[in-house]
Amino acid sequence: MAFNSRRINPLDLQPRKAIGVSLPLSGKAVFNSTYQTKDAIKTNIINYFLTGVGERYLNPNFGTILRNLMFENINQDTVDRVKNTVRRGLSEYFPTVNPVDFRVDGEPDTNTVTLTLKYSIRDTNIEDEVVINFQQ
């Protein structure tokens, strides 16, 4: 008889142990800690989106070209490049993240790109969403 099993990260079983730092960095002591895997993964995905390629020391391939694209006209070609870049980066740097729904909405009039990523974490029942607006 089969049933839907789920894994729990061992770090989630230790409720007082911080496993990451949340964004923005404006807590009482500058850093707000995260205590669950889903919060740490969400923060890491946001950090990945906001980091430019070549910006990370000793890991120059980490990050996206999203900020560079903000100075180009927003059209279907730009939206396709954003989708390809993000999909490639997610598969390389976040292998446990399974994108469920990924949308890139471009507003040519205001030169704004809204990136919406709904994802699940493999072998768990955890689902979450990240929405980021890039505006020139």
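The values are calculated or read from the model by the stated rules, or taken from the named source; none is laboratory data. None of these values were measured; they are calculated from a predicted model. Here the Cβ positions follow ideal geometry from the backbone for every residue, glycine too, while neighbour counts run over all protein chains shown.
Data for the structure
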read-out	value
Cβ pairs under 6 Å, 6+ apart, first in segment 26-44 and surrounded by 14 or more Cβ atoms within 10 Å (Cβ to Cβ) and hydroxyl-bearing (Ser, Thr, Tyr), second assigned to a helix (DSSP H, G or I) and at pLDDT 80 or above	Thr34/Ala40
Residue ranges of helices (runs of 4 or more DSSP H) in segment 17-136 with at least 1 members of a type in the set (Ser, Thr, Tyr) and out of contact with any Gly (no Cβ under 9 Å at 6 or more places or on another chain)	76-93
Hits in segment 44-89 - residues which are more than 12 Å from the chain's Cα centre (by Cα) and β-branched (Val, Ile, Thr)	Val53, Ile65, Ile74, Thr78, Val79, Val82, Thr85
Candidate set from segment 75-87 (those that are surrounded by fewer than 15 Cβ atoms within 10 Å (Cβ to Cβ) and basic (Lys, Arg)); member that is nearest to Thr116 (Cα to Cα)	Lys83
Number of positions in segment 103-117 that are over 17 Å from Leu50 (Cβ atoms), surrounded by 15 or more Cβ atoms within 10 Å (Cβ to Cβ) and touching a strand residue (DSSP E or B) at 6+ places or on another chain (Cβ under 6 Å)	1
Unique residue being of a type in the set (Phe, Trp, Tyr) and touching a Ser or Thr at 6+ places or on another chain (Cβ under 7 Å) when the list is Phe62, Phe31	Phe62
Selected residue [among the acidic types (Asp, Glu), loosely packed, with under 15 Cβ neighbours inside 10 Å and touching a residue at least 12 places away in the same chain (Cβ under 8 Å)] from Glu72, Glu55, Glu129	Glu129
Breaking point among (1) out of contact with any Phe, Trp or Tyr (no Cβ under 7 Å at 6 or more places or on another chain); (2) at pLDDT 85 or above; (3) not aromatic (Phe, Trp, Tyr), for Val82	(2)
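For every residue, the table says whether it meets (1) modelled with pLDDT under 80; (2) touching a Cys at 6+ places or on another chain (Cβ under 7 Å); (3) closer than 20 Å to Val131 by Cβ; (4) of a type in the set (Asp, Glu).
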residue: Tyr48; (1), (2), (3), (4): no, no, yes, no
residue: Leu58; (1), (2), (3), (4): no, no, no, no
residue: Val86; (1), (2), (3), (4): no, no, yes, no
residue: Leu90; (1), (2), (3), (4): no, no, yes, no
residue: Pro108; (1), (2), (3), (4): yes, no, yes, no
